[in-house]
1. Does region 263-272 hold any residues that are crowded, with 23+ Cβ neighbours inside 10 Å and under 9 Å from Ala187 (Cα atoms), and which are they?
2. What's the total number of residues in region 81-115 that are touching a Ser or Thr at 6+ places or on another chain (Cβ under 6 Å), farther than 11 Å from Ala334 by Cβ and either hydrophobic (A, V, I, L, M, F, W, C) or free of Cβ contacts under 8 Å to residues at least 24 places away in the same chain (or both)?
3. In region 331-356, which residues are under 22 Å from Lys165 (Cα atoms), small (Gly, Ala, Ser) and in contact with a strand residue (DSSP E or B) (Cβ under 8 Å, 6 or more places away or on another chain)?
4. Just one of Lys165, Lys178 is at pLDDT 90 or above, buried (at least 19 other Cβ atoms within 10 Å of the Cβ) and basic (Lys, Arg); which is it?
5. Output the number of the condition that Ala71 fails; it satisfies all remaining conditions of (1) buried (at least 17 other Cβ atoms within 10 Å of the Cβ); (2) under 22 Å from Pro251 (Cα atoms); (3) at pLDDT below 90.
6. Just give me the residues in region 286-331 being part of a helix (DSSP H, G or I) and under 17 Å from Gln144 (Cβ atoms), in sequence order.
7. Name the helices (runs of 4 or more DSSP H) wholly inside region 108-209 in which the number of residues that are closer than 19 Å to Ile272 by Cβ and of a type in the set (D, E, K, R) is 1 or more.
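The values are calculated or read from the model by the stated rules, or taken from the named source; none is laboratory data. Quick caveat, the model's predicted, so the values are computed rather than measured. Note that we place each Cβ from the backbone using ideal geometry, even for glycine, and neighbour counts take in every protein chain shown.
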Amino acid sequence: MESELKIDPRIIEEFLQINKNILDAPKLVAAPDEISLEMTPYDVVYSEGKMRLLHFNSDKQKQVRTPLLIAYALINRYHILDIHPQKSWVRNMLDQGLDVYMIDWGTPTKMDRYLGFDDYVNSYMDNCVDFILNESSVEKVSLQGYCTGGTLATVYTALHPNKIKNLVLTAPVIDGSKDSTVVANLAKHMDVDKMVDVIGNMPPEFMYYVFSILKPFEQGLEKYVQFFKNIHNKEYVENFIRVEKWLSDTPPIPGELFREWVKNVYQENLLIRNQMNVAGKVVDLKNISMPVFTQVAVGDHLVSPECSMPIHYAVSTEDKTLRIYATGHVGMIASSFSQKRVLPELGQWLKERSEK
């Protein structure tokens, strides 16, 4: 006698509920472009090319004179650091009494395809630092870099150490040989010269493709199943839509910068070996002698913790702190965990090492 296939009634019930939620979704959920991110007010105090320097407004009394400049990543937009009033990295830093600036790299066009590390580090970033020094009447700033912005911040600090009071590196891309992520594996095996010579700037579509294969099930089918399961949870839906809005807004990356990045960091691994050259100068990590705070996430699927941690041992300073958090790449900067654990530690660390 053939055995009958039995399906757990709970699975059928869940399937029917999800199906109903899908039908109800248009009435319950706003489209990403209809969502306001409620970003912290700011002034654009300096601009150059497509780049803008943002200075955030706050009604909190400043507790330190040393400003904090945040160098955001080259992928997606800086909004993730100000994604929600209750999960905003920027607002938390302001509430702790810091004076916060951030670099918005803007949207490169075809005419920017030849911009490289020299332009981003020795022009854009250096001019932003000089503006802040003059505006704040201080001799040094604290510099924080997130993800690929952490790489730019590292290179900048090694070349201009006299302008940096404290260096904060959040999931920085440093030692490409130790990065085991899908992103790193792709970068190590691509013909980057041919790609850049043919395409020019790396288009958003390429970055979407890379993200889609990082965790194909989790970032594809599973996340939408979870979304429709929680369609009546207003907080869950709002967070989901905000992050989706951020993920869907990816600017191109200048071709020459992409070429230099892949070769220097992933393929030839020159940065961690103190052999990277920018505008005729060697990027020597031993020049980083100021206090350094390195933050890495155990569950980071974009930048392996093993890729970030070597900077802690490569710098010459004795005042260095390495924190490893049980979260992911985005969770470290835009979550309740970040607000309760990551940011209080960073704020206290900065206050102790900044000019009162």
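1. Correct list: Tyr266 only.
2. 1
3. Once the filter is applied, which keeps residues that are under 22 Å from Lys165 (Cα atoms), small (Gly, Ala, Ser) and in contact with a strand residue (DSSP E or B) (Cβ under 8 Å, 6 or more places away or on another chain), region 331-356 yields only Ser354.
4. Just a single option satisfies the conditions, and that option is Lys165.
5. If we test Ala71 against (1) buried (at least 17 other Cβ atoms within 10 Å of the Cβ); (2) under 22 Å from Pro251 (Cα atoms); (3) at pLDDT below 90, just (3) comes out false.
6. Once the filter is applied, which keeps residues that are part of a helix (DSSP H, G or I) and under 17 Å from Gln144 (Cβ atoms), region 286-331 yields Ser308, Ile311, His312.
7. Details: elements: 126-136, 148-159, 182-189, 192-199.
Hits in region 108-209: 182-189.
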